[in-house]
Amino acid sequence: MAALLLALAVVSTGLYAGFMLIFRTGVMPALARLSDEEFVRAMRRINEYVPRPLFLLVFLGVAAFPAAALAVPVDGRTGPQTWLVAAGLVCAVANHLVTLGGNIPLNTALAAAESTDEPPAAVRAAFEKRWNGFHRVRTLLITASFGLLTASAVLPA
């Protein structure tokens with residue numbers, strides 16, 4: 001059971017890290033080329049569409065699977081393997097804290113500005129640089145989590 005949970009932790013974290021990296025290296029640079037109005041409209045639609053069930057399953061699995069893998073007793077797990085899983089979990093939880101404390105409030109403010117007369121340039125200025133900063137941090141955290149969990153899975157017992 002612990003091996004399955006660790007495999008699910010590696011897979012979910014890898015999927016999420018890939019999503020974060022593609023967003024950082026492909027989506028946001030492409031959106032940066034849009035006009036203010038196009039950028040604001042596109043980000044609003046992305047923020048409405050992304051939190052769907054499959055995404056939420058992966059998002060929650062990133063923390064739940066490594067926690068469950070640690071909770072299940074395993075004969076033969078080495079101290080370094082345990083520490084790698086624990087460190088991967090810490091990075092995943094930190095990623096979620098950045099998301100919940102940084103990116104989501106900015107997404108909420110972006111959505112709320114839709115019902116105001118605030119010009120798109122001002123809305124974008126209040127959003128883009130800060131959102132990208134938080135996203136950079138969470139991308140690094142989840143990539144580190146993926147590396148740590150993968151290392152724990154391939155480390156000889």
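Annotations for the structure displayed:
Conditions tested, residue by residue: (1) of a type in the set (V, I, T); (2) outside any helix (DSSP H, G or I).
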| site | (1), (2) |
| --- | --- |
| P51 | no, yes |
| P66 | no, no |
| P80 | no, no |
| N95 | no, no |
| L100 | no, no |
| E114 | no, no |
| V123 | yes, no |
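- Taking the stretch 60-75 as the range and being in contact (Cβ under 8 Å) with a residue 24 or more places away in the chain and farther than 11 Å from A2 by Cα as the test, the residues that pass are G61, V62, A63.
- Set V40, V74: member being in contact with a Pro (Cβ under 6 Å, 6 or more places away or on another chain) and either modelled with pLDDT under 95 or within 18 Å of F134 (Cβ to Cβ) (or both): V40
- Considering the conditions (1) without any contact (Cβ under 8 Å) to a residue 24 or more places away in the chain; (2) within 19 Å of V137 (Cβ to Cβ); (3) surrounded by 17 or more Cβ atoms within 10 Å (Cβ to Cβ), L89 is excluded by exactly one of them, (1).
- Consider the stretch 104-134 and keep the residues that are of a type in the set (D, E) and within 20 Å of Y49 (Cα to Cα). The one that is modelled with the lowest pLDDT is E114.
- Counted residues, the stretch 110-124 - those being under 24 Å from H96 (Cα atoms) and either in contact with an Asp or Glu (Cβ under 9 Å, 6 or more places away or on another chain) or touching a residue at least 24 places away in the same chain (Cβ under 8 Å) (or both): 3
- Positions within the stretch 59-86 being within 23 Å of P105 (Cα to Cα) and surrounded by fewer than 16 Cβ atoms within 10 Å (Cβ to Cβ), in sequence order: L60
- Criterion (closer than 19 Å to A42 by Cβ and in contact with a helix residue (DSSP H, G or I) (Cβ under 6 Å, 6 or more places away or on another chain)) met by exactly one of A87, A113, A69, A125: A113
The values are calculated or read from the model by the stated rules, or taken from the named source; none is laboratory data. Predicted, not measured: the structure shown is a model, and the values here were computed from it. Ideal geometry is used to build each Cβ from the backbone, glycine not excepted, and the neighbour counts take in all protein chains shown.
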